[in-house]
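What follows is one structure encoded as structure tokens, with my remarks underneath.
The numbers here are math on the coordinates, done by the rules we state, and not lab data. Being a predicted model, the structure only gives us computed values, none of them experimental. Cβ placement follows ideal geometry from the backbone for every residue including glycine, while neighbour counts extend to all protein chains displayed.
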Amino acid sequence: MPTARQLAERALGKPLPEGAEVHHINSNSLDNRPENLVICHDRAYHLLLHARMRERGFVRPAEAPLSYILRDIDDTLWRRVKAKAALEGVSIRDLIVARIRAYVGD
């Protein structure tokens, strides 16, 4: 069975950058569905996701939609992402995936 990291790399079509980690939105490390995985550029960001969820009182991280977590981390950036997605006529998910691919040099 492929690991979350292997699945993320397969989705991107290349290895993740050194130090990148894969976060499971619902905290179930056996749930490696693509929609349950978030690529974090480093351990600090991964831990920040967990901390924000705890701060917001989510006992089970699955209760927190990813969009809520991201919006909470940086509201200004979230508004910019939403506006750019609307301007380009793409979904927020597709825009984020494209940016991740650009970040890792895809």
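Observations on the structure shown:
- Label-to-label distance for Tyr45 and Gln6 is 2.4 nm, based on points extended 7 Å past Cα in the beta-carbon direction.
- Listed values for the stretch 22-37 are Karplus-derived 3J(HN,Hα) couplings in whole Hz (6.51 cos²θ - 1.76 cosθ + 1.60, θ = phi - 60°), namely 10, 9, 9, 4, 8, 6, 9, 5, 8, 8, 9, 5, x, 6, 9, 10, and x replaces Gly and Pro.
- Distant-in-sequence amide contacts of Val22, defined by a placed amide H-H separation under 5 Å and a gap of 5 or more residues or a different chain, comprise Cys40.
- Spin-label pair Leu30-Glu55: with each label point 7 Å from Cα along the Cα-Cβ axis, the two points sit 3.2 nm from one another.
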